[in-house]
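Notes follow the structure.
The values are calculated or read from the model by the stated rules, or taken from the named source; none is laboratory data. No experiment lies behind these values; they were computed from the predicted model shown. Glycine gets a Cβ as well: all are built from the backbone with ideal geometry, and neighbour counts include every protein chain shown. In case anyone asks, the SASA skips ligands and DNA or RNA and just uses the protein heavy atoms, side chains included. Shrake-Rupley method; radii C 1.70, N 1.55, O 1.52, S 1.80 Å.
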Amino acid sequence: MHYELIPHMHLTFNFLDIIVKGLIVGILCSAPMGPVGVLCVQRTLNKGRWYGFVTGLGATLSDLIYALITGFGMSFVMDFIDNPQYKFFLQIFGSVLLFCFGLYCFYSDPRKKVHTSKKKQKGTLLHNFVTAFIVTFSNPLIVFLFMATFAQFAFIVPEHPLEMSLGYVSIIGGALLWWYGLTWLVDKVREFFSMDAIVIMNRIIGTIVMVFSFAIFIGTTFNLFSLT
């Protein structure tokens with residue numbers, strides 16, 4: 001019976017591993033305060049929390065599409081990546097790319113992307129969802145962020161559709177956690193919230209991403225010694 005439990009435990013570990021990775025990827029790719037992040041905050045302040053949240057839902061759908069495109073593209077080179085040394089260099093590349101993104105996030109000023117509209121209507125929730133999707137989908141550079149996180153976490157698991165499906169669902173879960181938490185926070189502190197707070201948030205997020213990527217870079221570098 002002990003031997004029968006080992007495959008089951010290994011499968012459970014794989015599922016938990018891909019869920020955790022997916023949640024982290026979803027949060028990392030949603031957290032930077034780009035145009036849609038600013039739009040989400042604005043709508044939360046001006047229209048209400050749920051208008052901000054459906055803005056995040058629109059961004060999540062766009063991110064999922066780009067995540068699928070990235071995943072399918074990278075799956076074609078996984079045979080090449082199966083070599084431990086090639087995988088090492090890919091993870092190093094992912095760490096550097098992620099660090100550069102964190103640096104960009106730290107120095108960017110989201111206030112320049114603030115959208116001002118003379119319209120007073122809230123619009124429907126569907127309209128807010130669709131417009132957020134369009135804003136996010138019009139920025140295909142998100143693919144590079146997915147490439148960095150997928151490479152770093154070795155997220156692609158070829159020929160395991162169940163695990164990959166669970167991984168993509170987890171990405172959605174991570175993104176929704178971020179948008180739900182962001183709109184909840186902005187709604188709670190709306191009386192004290194200013195656009196300067198968005199800059200501070202971006203710097204905090206950028207710092208976390210840079211520290212995270214640097215720590216993984218060091219860890220991956222030391223793993224090189226185990227490959228020889």
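Values for this structure:
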{"read-out": "Residue within region 80-101 that is of a type outside the set (Ser, Thr, Tyr), modelled with pLDDT of 90 or more, open to solvent by less than 30 Å² (accessible area, probe 1.4 Å) and over 30 Å from Arg190 (Cα atoms) present", "value": "no"}
{"read-out": "Qualifying residue in region 156-179 (condition: at positive phi and open to solvent by less than 50 Å² (accessible area, probe 1.4 Å))", "value": "no"}
{"read-out": "Residue list for region 192-228, restricted to those being modelled with pLDDT of 80 or more, surrounded by fewer than 13 Cβ atoms within 10 Å (Cβ to Cβ) and closer than 27 Å to Thr55 by Cα", "value": "Ile200"}
{"read-out": "Criterion: in a helix (DSSP H, G or I), within 30 Å of Lys47 (Cα to Cα) and not hydrophobic (A, V, I, L, M, F, W, C) - qualifying residue of Gly219, Gly167, Gly206", "value": "Gly206"}
{"read-out": "All positions within region 116-140 that are surrounded by fewer than 14 Cβ atoms within 10 Å (Cβ to Cβ), modelled with pLDDT of 90 or more and among the β-branched types (Val, Ile, Thr)", "value": "Ile134"}
{"read-out": "Test: residue in region 217-228 that is free of Cβ contacts under 8 Å to residues at least 12 places away in the same chain and over 17 Å from Gln91 (Cβ atoms)", "value": "no"}
{"read-out": "Positions within region 135-159 being over 17 Å from the mean Cα position of the chain (by Cα) and in contact (Cβ under 8 Å) with a residue 60 or more places away in the chain, in sequence order", "value": "Val157, Pro158"}
